[in-house]
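Asker: I have a structure here, written as structure tokens, and I will follow up with some questions on it.
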Amino acid sequence: MKYPKPSAVYAVAVGSLMAAMWLFFLASGQVPELRTEPVRIALHLAGELATAALLLLTGVATLGRRPWGAVLLPFALGLLTYTVIVSPGYYAQRGQWSFVALFAALLALTVFFLALASRRLLSALRK
């Protein structure tokens, strides 16, 4: 099986940055929704951190040439696709268009790496 190394590197990088970003925001008290919308933000954080964890897990496993990592990597990138589609709404509502543009770029990159990982997986399954 040919492993999708570029997609795995992307998954590890984005998963690491997602986790670090949320840990920073939480540690520095920059999540006011913990007081104003605790249930909604708790569920949002659960989804974000689960996505980050799965990106890290499947990315590292794929780089370690574990077949299950390459099989689950497109799933993790699919979770990320959902996240980068939904998350910019928060910033758009606040008029922070530079963040919306950042998420648009992340969406393009994520779809590219998802297609690459899926293509390699489908190719391996045909053999």
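Asker: If I ask for residues that are more than 19 Å from LEU73 (Cα to Cα) and of a type in the set (D, E, K, R), which ones from region 21-59 would you list?
Answerer: GLU33, ARG35, GLU37, ARG40
Asker: Still on this structure: With farther than 23 Å from LEU121 by Cα, over 12 Å from the mean Cα position of the chain (by Cα), outside any helix (DSSP H, G or I) and not β-branched (Val, Ile, Thr) as the only criterion, which of GLY29, GLY89 stands out? First the steps, then the outcome.
Answerer: Working: GLY89 fails: outside any helix (DSSP H, G or I).
When all the criteria are applied, what remains is GLY29.
Asker: Can you name every residue in region 108-122 that is farther than 15 Å from ALA11 by Cβ and at pLDDT 95 or above? Walk me through it before giving the result.
Answerer: At the first step, the residues of region 108-122 found to be farther than 15 Å from ALA11 by Cβ are 108, 119, 122.
Once the filter is applied, which keeps residues that are farther than 15 Å from ALA11 by Cβ and at pLDDT 95 or above, region 108-122 yields only ALA108.
Asker: Can you tell me which residues in region 99-127 are without any contact (Cβ under 8 Å) to a residue 24 or more places away in the chain, exposed (fewer than 13 other Cβ atoms within 10 Å of the Cβ) and either over 19 Å from the mean Cα position of the chain (by Cα) or closer than 11 Å to PRO74 by Cβ (or both)?
Answerer: LEU122, LEU125, ARG126, LYS127
Asker: Could I ask something else about it? Please specify each residue of region 21-49 satisfying the condition of being within 20 Å of ALA8 (Cβ to Cβ) and either among the polar types (S, T, N, Q) or loosely packed, with under 13 Cβ neighbours inside 10 Å (or both).
Answerer: Those that are within 20 Å of ALA8 (Cβ to Cβ) and either among the polar types (S, T, N, Q) or loosely packed, with under 13 Cβ neighbours inside 10 Å (or both): none in region 21-49.
Asker: Just the residues that are assigned to a helix (DSSP H, G or I), more than 13 Å from VAL14 (Cβ to Cβ) and of a type in the set (Gly, Ala, Ser), please, taken from region 54-69.
Answerer: Matches in region 54-69: ALA61, GLY69.
Asker: Can you tell me how many residues within region 1-20 are modelled with pLDDT under 95 and surrounded by fewer than 16 Cβ atoms within 10 Å (Cβ to Cβ)?
Answerer: First pass over region 1-20, keeping only residues modelled with pLDDT under 95: 1-4.
Now restrict to residues that are surrounded by fewer than 16 Cβ atoms within 10 Å (Cβ to Cβ): 1-2.
The number of residues fulfilling the criteria is 2.
Asker: Sticking with this one: Is there any pair linking a residue in region 57-78 that is at positive phi to one that is at pLDDT below 95 and hydroxyl-bearing (Ser, Thr, Tyr), with Cβ under 9 Å and at least six apart or on different chains, and which?
Answerer: ARG65/TYR3
The values are calculated or read from the model by the stated rules, or taken from the named source; none is laboratory data. Given the structure is predicted, the values throughout are model-derived calculations rather than measurements. Ideal geometry is used to build each Cβ from the backbone, glycine not excepted, and the neighbour counts take in all protein chains shown.
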